[in-house]
Amino acid sequence: MNIAKMALVFLFVIVLSFYAVPKSSAATEEVVGYTVRAILPENQVDKSVSYFDLLMNPGQEQVIVVEIINSSKEDSEFDVHITNPITNRNGVIDYTKVDAQVDDSLKIPITDIASIEKNKVKVASGESVAVPIKLEMPEQEFDGIILGGIYIEKSLDENEDAQITNKYSYAIGLKLMENDKEVAPELILKKVEPALVNYKTAIVAYIQNSSPVLVDNLTINGVVYDSNEKELRRVDVDEYRIAPNTTMEFAIDWEGNELEPGIYKVKIHANSGFTNWDMEKKFEILDKQAKELNKKVVKSGKDYTRTIIGGFSSIILVLLGIIGFLIKKNKTLHKESQNL
């Protein structure tokens, strides 16, 4: 193998090592080992869905059932919890937060209605277990819906480290209603503050859905202005959802720049296809806040991705130059040898 070919092989190895960075494949290679399903009762409203969508009466008591099927080769234990929903920053409703804080607009959380006698459920290998969940509706009728989740995950063995062990879980939705009265959705801009989002500076607007109704297909436009009404940052999103009686943290990325103390204003426009909301609120970034947040970004969240890519690109360009030189030199030597 001549010098030019060796250089090409070396370059190929360098490029391959850069682009073929190993990725975690545990989720695809390992078998979950269990499934769950809701046993839908007679008062299921929409029978085409796999979650509970129940029409209830004031004061009604009912037991619903979730089945856990253990398809693994080992006996397993599962944790089962009733959860209140949250709406995350991506406009997605999340039922997996066991200790989710109840929103101040929520009068009747699902955790006050649904209960499980035992949170730990053992299921033998190849067997299934029906888990009863008791529903006790309040005596006073309510309009709108109450949302929640039935969250199930496999318990960790005592010798397993929760930091490194893959955890597989399921969440089955639980939707309760007592009538079909229309409830008008109401979005409120509760507060605005500077914050760190994924170790980056941002302005977070807290948008509350204070009504017992799901707001979906939301298009949201968020704009930050300085004290002179100059537009500083804008974020446009669509297809967001906000669960009933939850508050979403709507983040406006500061694009890696440092926060500056001063008076600002946020304007939020939201549209669901049926309703429009226009909200605005002034807020202040204190000098102390700006310094503390900017300092944390430098320590915890500096992104070296561009530097690394630039470094690799420089190395590849240098190698290409060397290869070109070696090929040219090799041709010259080959020509000279033919003239001998």
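Structure notes:
- Residue 116 versus residue 62: modelled label distance in nm, points set 7 Å from Cα along the beta carbon direction: 2.0
- The calculated FRET efficiency for residue 71 paired with residue 237, based on their beta-carbon distance and R0 = 35 Å, is about 0.35.
- Of 183, 222, 140, farthest towards positive along the dipole that unit charges on Lys, Arg, Asp, Glu beta carbons give region 102-230: 222
- Peptides 272-282, 109-119 ranked from most to least packed give 109-119, 272-282, packing being the mean of other C-beta atoms within 10 angstrom over each peptide's residues.
- Listing 76, 155, 227 from fewest to most neighbouring C-beta atoms within 10 Å gives 227, 155, 76.
- Cα pair distances of region 74-129 binned at 5 Å [whole percent]: 4, 16, 20, 20, 13, 13, 9, 5, 1
- Partners of residue 118 within straight-line reach, counting aspartates and glutamates whose Cα lies under 20 Å from its Cα and excluding those fewer than 8 residues away in the same chain: 61, 67, 75, 77, 79, 99, 127, 136, 153, 157, 158.
- Extending 7 Å from the Cα toward the beta-carbon at both residue 195 and residue 315 defines two label points whose distance is 3.9 nm.
- Charges were assigned to the Cβ only: +1 to each Lys and Arg, -1 to each Asp and Glu. The resulting dipole of region 187-300 about its Cα centre is roughly 400 debye.
- Averaging the Cα positions of each part gives two centres, and for region 199-254 and region 89-157 these lie 27 Å apart.
Values in this text are rule-based calculations from the coordinates and carry no lab data. Predicted model, so just to flag it, every value in this text is computed and none were measured. So basically every Cβ, Gly included, is an ideal-geometry build from the backbone, and we count neighbours across all protein chains shown.
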